[in-house]
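J.: Below is the structure I would like to discuss, written out as structure tokens.
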Amino acid sequence: MSVVRLLWVPVLLCLTHAWLCHGACVEVDSDTEAVAGKGFKLGCISCKMRGEVPASATVDWWFMARGESEFSHIYSYSEMSSYILDDRFDDRLAWHGSKKTDDVQDGSIYILNVTFNDTGTYRCFFNRMLIFPYYEYRTSTAKFISLNVVGHASRSLASILSEVMMYVSIIGLQLWLLVEMVYCYRKIAAAGEEALRERESKKSLKPEA
């Protein structure tokens with residue numbers, strides 16, 4: 001059985017590495033419908049093209065209410081500190097993005113107690129500095145979110161179907177992982193038994209003293 005245990009070591013190391021690895025950054029679009037009187041997350045994610053390169057980023061949010069023609073600067077996040085810059089959002093905006101790091105990739109904010117006056121277009125602006133060994137490179141990204149505030153929540157058919165497909169995908173991936181683990185176990189067990197048989201045959205072929 002010692003041979004079988006030895007063969008299991010690489011498999012366990014691979015599984016442990018997979019469990020400990022960090023999830024990749026994925027840019028997901030924000031929801032666009034908020035309910036009056038409730039909270040709402042304005043999502044804004046900007047992933048680095050080079051994940052291994054150290055960087056720092058600041059995030060600024062701008063708002064143009066319905067009927068207005070210009071954006072107003074409402075929120076700023078820099079060096080792990082946030083600032084509300086518009087009286088209309090006093091005590092109603094909270095940072096909901098990357099925590100405890102200057103390397104911000106999630107610049108989402110949360111609106112408390114949404115009102116119908118919050119309907120309009122929001123602009124999320126990332127200003128990122130990539131830090132290379134001998135130079136620094138600045139990039140910027142802007143994303144726009146058209147928010148509609150309603151009195152009651154409505155759920156579209158597309159949202160329901162996407163949630164169902166998500167659960168189906170999760171279950172499918174779990175079943176696939178289970179099949180792969182059973183297959184690997186059988187191969188490793190067979191290899192271990194073969195190694196034991198070879199060792200026993202070699203012992204039997206040794207001339208007696």
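The values are calculated or read from the model by the stated rules, or taken from the named source; none is laboratory data. The structure displayed is predicted, hence computed values, not measured ones. Positions of Cβ are backbone-derived with ideal geometry, glycine not excepted, and every protein chain shown enters the neighbour counts. Ligands, DNA and RNA are stripped out before the accessible areas are found, and what is left, the full protein with its side chains, is counted by its heavy atoms. Shrake-Rupley method; radii C 1.70, N 1.55, O 1.52, S 1.80 Å.
J.: Could you pull out the trypsin sites (Lys or Arg not before Pro) across the range 139-201 that fall in loop regions by DSSP (anything but H, G, I, E, B) with no more than 11 other Cβ atoms inside 10 Å?
T.: Loop-located and lightly packed - R155.
J.: Still on this structure, please answer the following. Working with all protein chains in place, sort V53, V164 by solvent-accessible area computed with a 1.4 Å probe, largest first.
T.: The ordering from most to least exposed comes out as V164, V53.
J.: Expressed as a whole percentage, what fraction of the accessible surface of the range 70-204 belongs to carbon and sulfur atoms when a 1.4 Å probe is rolled over the protein heavy atoms?
T.: 59 percent
J.: Between K99 and M80, how many nm apart are label points set 7 Å from Cα along the C-beta direction?
T.: 1.3 nm
J.: Return one quarter of the surface area of the convex hull spanned by the alpha-carbon atoms of the range 97-209, equal to its mean projected area, in nm².
T.: It is 17.4 nm².
J.: Just grab the label-to-label distance for T115 and C47, each label 7 Å out from Cα along the Cβ direction, in nm (one decimal).
T.: 3.8 nm
J.: Run down the lysines and flag those whose C-alpha is under 24 Å from the C-alpha of K99, throwing out any fewer than 8 positions away in its chain.
T.: Reachable lysines: K38, K41, K48, K143.
J.: Roughly how much of S98 is accessible, in Å² to the nearest 10, using a 1.4 Å probe?
T.: 20 Å²
J.: From Cα pairs below 8 angstrom and at least 6 apart in sequence, can you work out the relative contact order of the range 54-209, rounded to a whole percent? Mind showing how you got there, number by number?
T.: Working: 203 pairs, mean separation 28.7, N = 156.
Computed value for the range 54-209: 18 percent relative contact order.
J.: Here's another thing I want to ask about it. Given a Förster radius of 22 Å and the C-beta distance between E70 and D91 as r, what FRET efficiency does 1/(1 + (r/R0)^6) yield to the nearest 0.05?
T.: 0.35
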